[in-house]
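To start, the structure under review is shown below, and the notes come after it.
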Amino acid sequence: MTTRKITLSAAALLMVAALAGCSGNTSSTSSTSSSAAEAGSSAADTSAADSSAADSTASDSTASKLDTDITVVSREDGSGTRGAFVELMGIEQQNEAGEKEDMTRGDAEISNSTNGVMMSVAGNVDAIGYISLGSLNDTVKALDVNGVECSVADIKSGDYVVARPFNVCYQQAKLDGNAAAKDLIAFIESDDGQKIIADNGYIAIDSTGAYAPSGVTGAISLNGSTSVGPIMEKLCEAYKALNPDVSIDIQQTGSGAGITSATEGTCDIGMSSRELKQEELDAGLTEMKIADDGIAVIVNLENPIENITSDEVMKIYTGEINNWSELG
């Protein structure tokens, strides 16, 4: 009797142990399944977050324009850069009388210098302007025009359409009467002068050979384009290093003023960032190209667009396009 009770008790203990083991395995399996589910959920959350981030990045990368009104910045009347720009971009159009007229919108912000345009654009995310390529710096961004970069190579090839000459003009008799002024012209045309032009981001013309200092003395006065002015200052600085007894005065008042000064004889050499008109040549001036230059269409560094078409530029400057979102 005692033996049977012990046997039954042992069997009972074995059954309890077996049930406990089963219970433990079930709990372990449940815990594992729960962990796996949590891990899967976490992975799904991470994947969703990554996908959301990717969508956000894609959205940011495809943002191509602002949705704000455009601030148009232009140069003053008489500016050679403005004259070339409105002609090349089709902003100069025939009026009802059949005459060519600058159709730049009346609410454009007008600046009297290249630096003024850059400052206006650099300080306003909604602004657009135009300047000489040689004056371009990292405070603003130059747009591609019709898919072509504003670069020396693309201007030389003719692929970049917004390009113009840098010219000087003078009365031949007045130049002949000033040995120093005539010698400066010879220096600008020489290998030395054209190297300075190329080294400063402008496009050199065919040079006339090496320059030999002549030991001239005297004074030279120049007046005109604020686009030609910066490179002319570098040319004159190099010239004076070779001819220290020559004094040079440069006034940057705009192409129109420079041409007028040369015509009236109040300066020896006028500077122009456009070709002279026939009536200006007929007034007794001789014109000489010293370099070629591109006109960069510039926007604020925070403006996301990189390219613009000639037609869009024309429509912005004539008032047909008023908001950045209207660009194609």
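Please treat every number below as a calculation from the coordinates, not as lab data. In this text the structure is predicted, and so the values were computed from the model without any measurement. Please note: Cβ atoms are built from the backbone with ideal geometry, for glycine as well, and neighbour counts cover all protein chains shown.
Among the listed pairs K65/K100; K156/K182; K195/K240; K100/K277; K240/K277, which have their C-alpha atoms separated by more than 24 angstrom in this model?
K65/K100; K156/K182; K240/K277
Given 0.36 nm per residue, what is the gain on full extension from E326 to D138 after removing their alpha carbon distance, in nm?
Gain on stretching E326 to D138: 65.0 nm.
Ordered by packing density, taken as the mean number of other Cβ atoms within 10 Å over each peptide's residues, highest first, how do 147-153, 186-192, 165-171 rank?
165-171, 186-192, 147-153
Find the centroid of the Cα atoms in segment 159-224 and in segment 103-123, then give the distance between the two in whole Å.
One Cα centre to the other: 29 Å.
Answer rounded, prolate or oblate for segment 185-238, using the Cα gyration tensor with square roots of eigenvalues a ≥ b ≥ c: rounded when a/c is under 1.5, else prolate when a/b is larger than b/c, else oblate.
Oblate, because a/c is 1.5 or more while a/b does not exceed b/c.
Please compute the length gained on full extension between A283 and I110, using 0.36 nm multiplied by the number of residues separating them and subtracting their Cα-Cα distance.
Once the chain is fully extended between A283 and I110, it gains 59.4 nm.
Quick one: grab the alpha carbon gyration tensor of segment 170-282, order the square roots of its eigenvalues as a ≥ b ≥ c, and give me rounded if a/c is under 1.5, else prolate or oblate depending on whether a/b is larger than b/c.
oblate
Starting from the 7 Å offset along Cα-to-Cβ, what nm value, one decimal, do you get for the label separation of V148 and D311?
1.7 nm
What order, most packed first, do the peptides 234-243, 103-112, 71-80, 131-140 have when packing is the mean number of other Cβ atoms within 10 Å of each residue?
Listed from highest to lowest mean packing, they are 71-80, 131-140, 234-243, 103-112.
State the extension gain, in nm to one decimal, for the chain segment bounded by A97 and D69, taking 0.36 nm per residue of separation less the distance between their alpha-carbons.
Between A97 and D69, full extension yields 6.9 nm more.
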